[in-house]
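A.B. asks: The structure under discussion is supplied below as structure tokens; questions concerning it will follow.
The values are calculated or read from the model by the stated rules, or taken from the named source; none is laboratory data. As the structure is a prediction and not an experimental result, all values here were calculated from the model. Because the Cβ atoms are built from the backbone with ideal geometry, glycine has one as well, and the counts that use them run over all protein chains shown.
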Amino acid sequence: MTTNFHQSNIVQNDKVLYKDLSYKIGGILFEVHKELGSFAREKQYCDLFEQKLKEHAIQCKRELRLGDSGNIVDFGINDKIIIEFKAVPFLTSEHYNQIKRYLYQTGFQLGLLVNFRDKRINPKRILNINNLRNSAEHL
């Protein structure tokens, strides 16, 4: 029985978290970047992204307030994924730390950090390691 448990863990660990939804979101992000280019304002990217989510019938919450912390996430998608938009010359460790805080506060397992200023966007997938560890302990 130990072998079966170990094998099922390996298969589970090879899976991409929210694969289909992430793929759809990625496509929408690329559409937005293609339409607006690299030099729009963050709000413009958010507005167009929200419109496209609605067109694809993907549930979202924009400017999701995190309790009384003062933190606001750009998008919460299907109560599973948070997305943080940036329009900056380059991402810093503070941007990564920001989304990690948001993941911790929301309990979501996956966050996407997107910098639209890049010539080619490359959404960064950030996992809530604490939440994943807790759910793995309950297996």
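A.B. asks: Out of everything in the range 14-44 that is in contact (Cβ under 8 Å) with a residue 40 or more places away in the chain and among the polar types (S, T, N, Q), what residue ends up being nearest to F75 (Cα to Cα)?
C.D. replies: First pass over the range 14-44, keeping only residues in contact (Cβ under 8 Å) with a residue 40 or more places away in the chain: 17-18, 21-22, 25-26, 29-30, 32-33, 36, 38-42.
The next check asks that each one be among the polar types (S, T, N, Q); those that pass are 22, 38.
Values: S22: 13, S38: 20 Å.
Per the criteria, the residue is S22.
A.B. asks: Another question, if that's okay. Checking S22 against (1) farther than 15 Å from N115 by Cβ; (2) in contact with a strand residue (DSSP E or B) (Cβ under 6 Å, 6 or more places away or on another chain); (3) surrounded by 16 or more Cβ atoms within 10 Å (Cβ to Cβ): exactly one of these is not met. Which one?
C.D. replies: Going through the list (1) farther than 15 Å from N115 by Cβ; (2) in contact with a strand residue (DSSP E or B) (Cβ under 6 Å, 6 or more places away or on another chain); (3) surrounded by 16 or more Cβ atoms within 10 Å (Cβ to Cβ), S22 breaks only (2).
A.B. asks: Being out of contact with any strand residue (DSSP E or B) (no Cβ under 9 Å at 6 or more places or on another chain), loosely packed, with under 14 Cβ neighbours inside 10 Å and touching a residue at least 12 places away in the same chain (Cβ under 8 Å) is the filter here; which residues of the range 45-79 pass it?
C.D. replies: H56, G67, S69
A.B. asks: For I126, state whether it is in contact with a Leu (Cβ under 7 Å, 6 or more places away or on another chain), surrounded by 16 or more Cβ atoms within 10 Å (Cβ to Cβ) and modelled with pLDDT under 95.
C.D. replies: Values: in contact with a Leu (Cβ under 7 Å, 6 or more places away or on another chain): yes; surrounded by 16 or more Cβ atoms within 10 Å (Cβ to Cβ): yes; modelled with pLDDT under 95: no.
Against the criterion (in contact with a Leu (Cβ under 7 Å, 6 or more places away or on another chain), surrounded by 16 or more Cβ atoms within 10 Å (Cβ to Cβ) and modelled with pLDDT under 95), I126 does not qualify.
A.B. asks: Mind checking which residues of the range 68-103 are farther than 17 Å from D118 by Cα and in contact with a Cys (Cβ under 9 Å, 6 or more places away or on another chain)?
C.D. replies: From the range 68-103, those farther than 17 Å from D118 by Cα are 68-82, 94, 97-103; that's our starting set.
D74, F75, G76, I77, N78, listed by residue number.
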